[in-house]
Structure formats: C-alpha cells, structure tokens
Amino acid sequence: MEFRYATINDINKMNELFYELDTDAIETQPEHFQRSGRTDEYFYGIINDIKSDFLLLIVEDKIIGFSLCIEKKLKD
C-alpha cells in the first residue's frame, strides 16, 4: 500500500471512483444527490492549484481510493 499525489494521468481512474461514490450516495440518499460528471478542467484545477490536491491510495499498482484536500482560510 502506498500514497501519492494525483497527476493528470490519473484523471480517468479518479472519474471512475467518483462515479462509484456518486452511485452509493444516490442509492442511499437520492433526495440529496444526483449524478454529475466532472470535467478534465475540474481535475486540472485541483491538481495544479497550490492549495489543493488529491491524495491517492495505491494497492498492488491500482488506485483504489482518494482524498480531496483543500486548504481554506477559516473566518476569524
């Protein structure tokens, strides 16, 4: 098992994982969730921004999970 930051080459797999996540959310709480696609620009924006990133979980050379990390300033 290893962790690493996402690259542009990981976008297709991350889209697959988001699809699974959306499917579970829709099945359990359809009143709160709907399917929405994420564009390449969405991923580029997060990966290329110094204040955000995806941290990937890799097992046996396969991406099996991710965490979306975003730095935000809290209100004083």
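Hey, does the stretch 14-36 have a residue that's closer than 20 Å to Glu71 by Cβ and either surrounded by 13 or more Cβ atoms within 10 Å (Cβ to Cβ) or out of contact with any helix residue (DSSP H, G or I) (no Cβ under 6 Å at 6 or more places or on another chain) (or both)? Yes, that holds for at least one residue.
Would you call Phe66 of a type in the set (Phe, Trp, Tyr), out of contact with any Pro (no Cβ under 7 Å at 6 or more places or on another chain) and without any contact (Cβ under 8 Å) to a residue 60 or more places away in the chain? Step through it out loud before you land on a result.
On the way: of a type in the set (Phe, Trp, Tyr): yes; out of contact with any Pro (no Cβ under 7 Å at 6 or more places or on another chain): yes; without any contact (Cβ under 8 Å) to a residue 60 or more places away in the chain: no.
In short, no.
Report yes if some residue within the stretch 34-43 is of a type in the set (S, T, N, Q), closer than 23 Å to Lys72 by Cα and in a helix (DSSP H, G or I); otherwise report no. Taking every residue of the stretch 34-43 in turn, none turns out to be of a type in the set (S, T, N, Q), closer than 23 Å to Lys72 by Cα and in a helix (DSSP H, G or I).
Does the stretch 5-33 hold any residues that are within 13 Å of the chain's Cα centre (by Cα) and outside any helix (DSSP H, G or I), and which are they? Spell out how you get there, then give the answer.
Initially, the stretch 5-33 is screened for residues within 13 Å of the chain's Cα centre (by Cα), giving 5-8, 10-22.
Within the stretch 5-33, Tyr5, Ala6, Thr7 qualify.
Sort out which residues of the stretch 57-69 are exposed (fewer than 12 other Cβ atoms within 10 Å of the Cβ) and within 11 Å of the chain's Cα centre (by Cα), and write them in order of number.
Start the filter on the stretch 57-69 by keeping residues that are exposed (fewer than 12 other Cβ atoms within 10 Å of the Cβ), which leaves 59-62, 67.
Result: Ser67, single match.
Working only within the stretch 37-56, note down all residues that are surrounded by 10 or more Cβ atoms within 10 Å (Cβ to Cβ), among the hydrophobic types (A, V, I, L, M, F, W, C) and out of contact with any Lys or Arg (no Cβ under 9 Å at 6 or more places or on another chain). Hits for the stretch 37-56 are Phe43, Ile46, Ile47, Phe54.
Rule-based calculations on the coordinates, nothing more; no lab input. The structure displayed is predicted, hence computed values, not measured ones. Because the Cβ atoms are built from the backbone with ideal geometry, glycine has one as well, and the counts that use them run over all protein chains shown.
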